[in-house]
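Participant: Encoded as C-alpha cells, here's the structure I'll be asking about.
Derivation of every value follows stated rules applied to the coordinates shown; laboratory data play no part. Bear in mind that the values here come from a model prediction, so they are computed numbers and not experimental data.
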Amino acid sequence: MDADGHRGQRPQDGTAAGLSPSDAGAPAGTAAQSPHEVAAPRWLDADELAAWLANSAIMISLPAALDARMQRESQLTFFEYMVLSVLSEEPERTMQMSGLAARTSSSLSRLSHVVARLENRGLLTRSRIPGAGRRTNTTLTESGYDVVAAAAPGHVAAVREYLIDQVLPDDLSALRRIGTAVEAAIKRGEASTASVVHAR
C-alpha cells in the first residue's frame, strides 16, 4: 500500500486523486454518482501519513510503556492509577461513576470492572446515590490514597522521561492544542453516534 492508501497500480483515470468521473475525463453522458453511494476515501498524502504514523507511536507505545512501568514499580495498571489519581483530587475523594468514566476517557463497562477490582483490594468503595435512577458514587479509601500517593512520583518521572523532557517548549503548546482538538472531534463523533442511535 502506498502513501495515499492504494494497493498496487493506481487507476489512470484520475479517480485515485478524488476527482469526479467528469473531472477525470470520463466520456460525456457518464452517470453521476448516486447520493446513496459512499464518497471516495480521502487518502493520506506522504506528509499526512508520516504525521499519522508518528502519532500512532505515541497513542500505542506510550500507554504501553507507562502501563508496564507502573505495574513493575507500583503494582497498578496505568488505567488503575488514573482512576485513583482522579479520585484523589476530588472533594471528599468521591465522584459519580459517570463523571469518573468521562474524566478517564473510559466506558462505564470498562470502568465498572476496574473499580470492582480496586474495591476488592480495599483501595476504594462504591455507594448508591439516593433518588431515582441507578447512580453510584466511588470513594477513594485511605489505603487507596496512600497507594496513589506512593505511585505518583514514579508516574511523573515516567511521563517526563518518555514525553515532556523529549520535546521543546513550543512543542508542548502544540501537543496541548492537538490533544484538545482531537478530544473535541472524538466527543463530537460520540455525540453524533448517540443521537443517531436514540433516533432509531
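Participant: What residues have an amide H closer than 5 Å to that of Leu76, excluding those fewer than 5 places away on the same chain, when H is modeled at 1.01 Å from N in the peptide plane?
Facilitator: Gln71
Participant: Related question: Over region 96-200, calculate the relative contact order: mean separation of alpha carbon pairs under 8 Å at least 6 apart, over the residue count, as a percent.
Facilitator: Details: 53 pairs, mean separation 16.8, N = 105.
Taking the mean separation of contacting Cα pairs over the length of region 96-200, I get 16 percent.
Participant: Between Gln96 and Ser127, 0.36 nm times their residue separation minus their Cα-Cα distance comes to what?
Facilitator: Difference between extended and current length: 10.2 nm.
Participant: Another one. Is the shape of region 78-200 best called rounded, prolate or oblate, per the rule: a/c under 1.5 gives rounded, else a/b larger than b/c gives prolate, else oblate, with a ≥ b ≥ c the square roots of the Cα gyration tensor eigenvalues?
Facilitator: On the way: a/c = 2.60, a/b = 1.10, b/c = 2.37.
Taking the square roots of the gyration eigenvalues as a ≥ b ≥ c, region 78-200 is oblate.
Participant: Report the full-extension gain for the segment Glu183 to Ser107: residue separation times 0.36 nm, less the Cα-Cα distance, to one decimal in nm. Could the numbers behind the result be given before it?
Facilitator: Working: separation 76, 0.36 × 76 = 27.36 nm, distance 1.50 nm.
25.9 nm is the gain from fully extending Glu183 to Ser107.
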